[in-house]
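Quick note: the coordinates plus some simple rules give every number you see, no bench work behind them. Remember, it's a predicted structure, so these values are computed and weren't measured experimentally. Cβ atoms come from the backbone with ideal geometry, glycine included; neighbour counts cover every protein chain shown.
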Amino acid sequence: MPGKHLYEYAVIRLVPRVEREEFLNVGIILFCKGANYLNCKHQIDTEKLKLFSCELEVEEIENNLKAFEKICSGSKDGGPVAQWEKPDRFRWLTAQRSSSLQTSRPHNGFSDDLDATLERLFGELVL
């Protein structure tokens, strides 16, 4: 029997050179409407990033990823999007972009423990 929570997740991708369409998975966003849950986790592997020989500044990327966290948590300093309802925030975060931070299309599954699922997906898809 599947878990009790239907969730959606997307992989956060760092695209050092958009024109080359190469990317590095750097995070996960997990959303569950039924549990009123929206969370994300990220980590940049700077050694892998060096392989792309890109011009991106790691500090700038980290700041942008922290914005994802602020929006997920509904932080007051996360800007106007962070004040939206969780489903709307998830859809905004996972909208298609042509910037250096993009997300995969959303995928779904079932879980009994959303925090553990976030950790598992992070371990499988990012680390």
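Around the Cα centre of the chain, unit charges on the Cβ atoms of Lys, Arg, Asp and Glu (plus for the first two, minus for the last two) sum to a dipole of about 400 debye. Report summary: the helix-based calculation at 222 nm, which adds -39500 (n - 2.57) for every DSSP H run with n ≥ 4 and divides by the residues of the chain, gives -9500 deg cm²/dmol. A simple spin-label model places pseudo-atoms 7 Å from Cα toward Cβ; at Gln96 and Glu57 they are separated by 3.1 nm. With each pseudo-label sitting 7 Å past Cα toward Cβ, what's the Leu125-Glu21 distance in nm, one decimal? Placing both labels 7 Å along Cα→Cβ, they lie 2.0 nm apart.
Using 0.36 nm per residue of separation minus the Cα-Cα distance, give me the extension gain between Gln83 and Thr46 in nm, one decimal.
This chain segment gains 10.1 nm when fully extended.
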